[in-house]
Amino acid sequence: MKNAKVALLMGSKNDLPKLQPAIDTLAQFGVPLTVRVMSAHRTPATVAEFATNARAAGLRVMIAAAGGAAHLAGVVAAHTTLPVIGIPVEGGALNGLDALLSTVQMPGGIAVATVGIGSGGAMNAGLLAVQILALSDPELAVKFDKFRADQREKVAKADSDVVALDQFR
């Protein structure tokens, strides 16, 4: 965990492939990351200890991903004052809807920023962590601005390509 600025916690190792977009996004921006498996229900003391000590360990943002009852983000948020981003992991009988509702329905006073279900949500969790860190890191802010400019250019190029195919103009 040395030098990590972001922690990605997951309730199960099986969730790792679904969270790869978050890991890849943080790596793309050069953000040091620690990845851990811990459960709000099976290892609650471990979660509480990790979250309580996160700031002192140098972490600045916590990302917590879980499926089903998805209490991990809430338990983390209850034990730290760092920003917490919750990723509802798709799967199970409700294909992640249960995880989404569990993650997004936090009581007032314990904030968890919640992203969408699926790979887009995992990527957005990484991007949101980058944006939070960029508030106090001008170099990271420049990288994020470039990322957004590149996105705009890709869409403009795609539009130009499609307009060129338009037979009715």
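Quick note: the coordinates plus some simple rules give every number you see, no bench work behind them. Because the structure is predicted, anything quoted here is derived from the model rather than measured. Quick reminder, even Gly has a Cβ in these numbers, built from the backbone with ideal geometry, and neighbours come from all protein chains shown.
At-a-glance table
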{"item": "Long-range amide H partners of VAL35 with built H, under 5 Å", "result": "LEU8"}
{"item": "Near-label residues of segment 12-41 by backbone N, under 14 Å of a point 7 Å along Cα→Cβ of LYS143", "result": "23-34"}
{"item": "Inter-label distance for SER136 and ASP24, nm, one decimal - labels placed 7 Å from Cα along Cα-to-Cβ", "result": "3.0 nm"}
{"item": "Under 30 Å from the Cα of LYS157 - lysines, other chains or at least 8 residues apart", "result": "LYS18, LYS143, LYS146"}
{"item": "Label point distance in nm, LYS154-LEU97, each placed 7 Å from Cα along Cα→Cβ", "result": "3.0 nm"}
{"item": "Within straight-line cross-link reach of LYS13, lysines at Cα separation under 28 Å, skipping those fewer than 8 residues along the same chain", "result": "LYS2, LYS5"}
{"item": "Residues with amide H under 5 Å from that of GLU90, placed H, sequence gap 5 or more", "result": "GLY118"}
